[in-house]
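S.K.: Here it is: the structure, laid out below.
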Amino acid sequence: MNDTKIFEQSKWIIEQLENYGHKAFFVGGSVRDFLMNKAISDVDITTSALPDEVESIFDKTLPIGKEHGTIMVISNEQQYEVTTFRKDGDYVDHRRPTSVQFVTDLYEDVARRDFTMNALAMDKNYGIHDYFNGKEDIENHIIKAVGTPLDRMNEDALRIMRGIRFQAQTGFDIEIDTQNAMKDTVHLLSNISIERIIVELKKLISGSYIKETKKTIDYLSIFHHIPFFEQIKNDEIFMPTDADFDLWIGALCFIYKVDTTSLNTLKISNLERKQIIAYVELLKSFSKKNISKQQLTLIVYKYGDVQVKNILNLIKEYHEILNIEYQPIIMNNILIDEIYGKLPIYNKSELNINGQILMTEFNKTGGPWIKHALNQLEEAIVLNKVNNKRYELIEWMREHVEI
């Protein structure tokens, strides 16, 4: 059954706008998801009221995109984007219109949108306003461009990525003319910022219909026009199911021997880069045959249980593609949980010894020997060769570490 709670909580905004003589509707993704009986996290509202009028009608607002018609209405810690009906001016960079023109007609507003499933509006009484057969396309599981597909893709090439992402999330087919228009304009992806493309790729790779979507991706050859991916010369690029973005990119670096310095072209965060590099290192570690339990323990300590289990699940599913022998005795989540749960420490900061103590105990000045000694002690603790106690660590070091 469709959940109307979020619409009931926010329809007062529509009623308030109507009280002042304006038209207002729920629009876009929330209406699409409502018709698909999917969870809805927020709603967007479109109105005939001009931005200044919206600001005058509501007590608390923020002009987050006033020049484009969007005002944030705030009430009881809830935030709602209210945007004036508008139509776009000419597109000159295949991404953004040079201008927007405020209009009074709902049709003109939804006519500028990307796909029919997103060009739906709904009034406060749940009446659907559908000028482009979006409801029918949803029922028929079709992703179809609004109006002339080639025009839509030429205007904004990011719509190519959005269409593919919607397919990955819904399993819908992309209508043939729309798909052909994507093919004809795919080269325009080079005009789109990598940051916007990455947003779509993260949603895409997390979709439930990767296998079906991969056929579209291979047909369109989108990766030939995206930084980082373009250096992978294969016609078909590995795309796992049940993997997040970092794990996927790590696998690509490993399979296609991509230097991780190339990750800079993706303009991702330092944390994401670090996680991807860790996945690459993990795959290299597990590509070595006959890993001992001691080696596995050190791996789990270094990378943590979550990342190790993510890699093992990937290897189990795709060991032939990764060219890594799957060893179920070592490569299983139960063993990883057991090892992780019994680790005596989880971080170097937990060592009950430091460089100052070592210099005092061994009557030596600082130098590279300290780092070497601490690394040896850390490994010995993790492998339960010595207890993490200051006296025992010093005695173990006297016997086992050359300084």
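Bear in mind these aren't lab numbers, they're just calculated from the coordinates by the rules spelled out. Note that the structure is predicted; figures quoted are calculated from it, not measured. Note that each Cβ is placed from the backbone with ideal geometry, even for glycine, and that neighbours are counted across all protein chains shown.
S.K.: Please compute the alpha carbon radius of gyration of the chain, then divide it by the globular-protein estimate 2.2 N^0.38 Å. Two decimals is fine.
M.R.: Working: Rg = 28.0 Å, N = 403, 2.2 N^0.38 = 21.5 Å.
Taking N as the residue count of the chain, the ratio is 1.30.
S.K.: In whole Å, what are the extents of region 116-203 along the principal axes defined by its C-alpha atoms, from largest to smallest?
M.R.: Taking max minus min along each principal axis of the Cα atoms, region 116-203 gives 42, 25, 23 Å.
S.K.: Another question, then. Any chance you could tell me what percent of the C-alpha pair distances in region 4-153 go past 26 Å? Intermediate results must be reported in sequence, preceding the final value.
M.R.: Values: 2688 of 11175 pairs.
In whole percent, the long-distance tail amounts to 24.
S.K.: Based on Cα coordinates alone, diagonalise the gyration tensor for region 95-163, multiply each eigenvalue by 5, take square roots, and list the semi-axes in whole Å, largest first. If you can, show how the numbers build up before the last one.
M.R.: Details: eigenvalues 85, 62, 14 Å².
Result for region 95-163: semi-axes of 21, 18, 8 Å.
S.K.: Would you please name the chymotrypsin sites (Phe, Trp or Tyr not before Pro) within region 12-90 that are DSSP coil residues with at most 14 other C-beta atoms within 10 Å of their C-beta? Display every interim value, and only then the final one.
M.R.: Details: sites: Trp12, Tyr20, Phe25, Phe26, Phe34, Phe58, Tyr80, Phe85; in loops: Tyr20, Phe58, Phe85.
Filter output for region 12-90: Tyr20.
S.K.: From the P(r) of region 256-346, can you give the percent of Cα pairs sitting at distances over 16 Å? Walk me through the numbers before you get to the answer.
M.R.: Working: 2257 of 4095 pairs.
Counting every Cα pair in region 256-346, those more than 16 Å apart make up 55 percent.
S.K.: Which entries in the list Lys38/Lys284; Lys211/Lys348; Lys87/Lys124; Lys211/Lys284; Lys87/Lys214 go over 30 Å, if you measure between the two C-alpha atoms of each? Can you show the working numbers first?
M.R.: Working: Lys38/Lys284 40 Å; Lys211/Lys348 42 Å; Lys87/Lys124 23 Å; Lys211/Lys284 26 Å; Lys87/Lys214 34 Å.
Over 30 Å apart, Cα to Cα: Lys38/Lys284; Lys211/Lys348; Lys87/Lys214.
S.K.: Given labels modelled 7 Å from the Cα in the Cβ direction, how far is it in nm from Glu53 to Asn332?
M.R.: 6.8
S.K.: Another one. Within region 300-402, which GluC sites (Glu not before Pro) sit in a loop by DSSP and count at most 11 neighbouring Cβ atoms inside 10 Å?
M.R.: Glu402
S.K.: Based on the alpha-carbon gyration tensor of region 359-403, what equivalent-ellipsoid semi-axes (square roots of 5 times the eigenvalues) come out, in whole Å, largest first? Could the numbers behind the result be given before it?
M.R.: Details: eigenvalues 62, 26, 13 Å².
For region 359-403, the ellipsoid semi-axes come out as 18, 11, 8 Å.
S.K.: Name the residues whose placed amide hydrogens come within less than 5 Å of the amide hydrogen of Val146, ignoring near sequence neighbours (fewer than 5 apart) on the same chain.
M.R.: Phe115, Thr116
S.K.: Taking region 153-278 as the region of interest, what is the percent of Cα-Cα pairs per 10 angstrom bin, listed from the shortest bin to the one with the maximum distance?
M.R.: Bins of 10 Å from zero give 13, 47, 34, 6, 0 percent of pairs.
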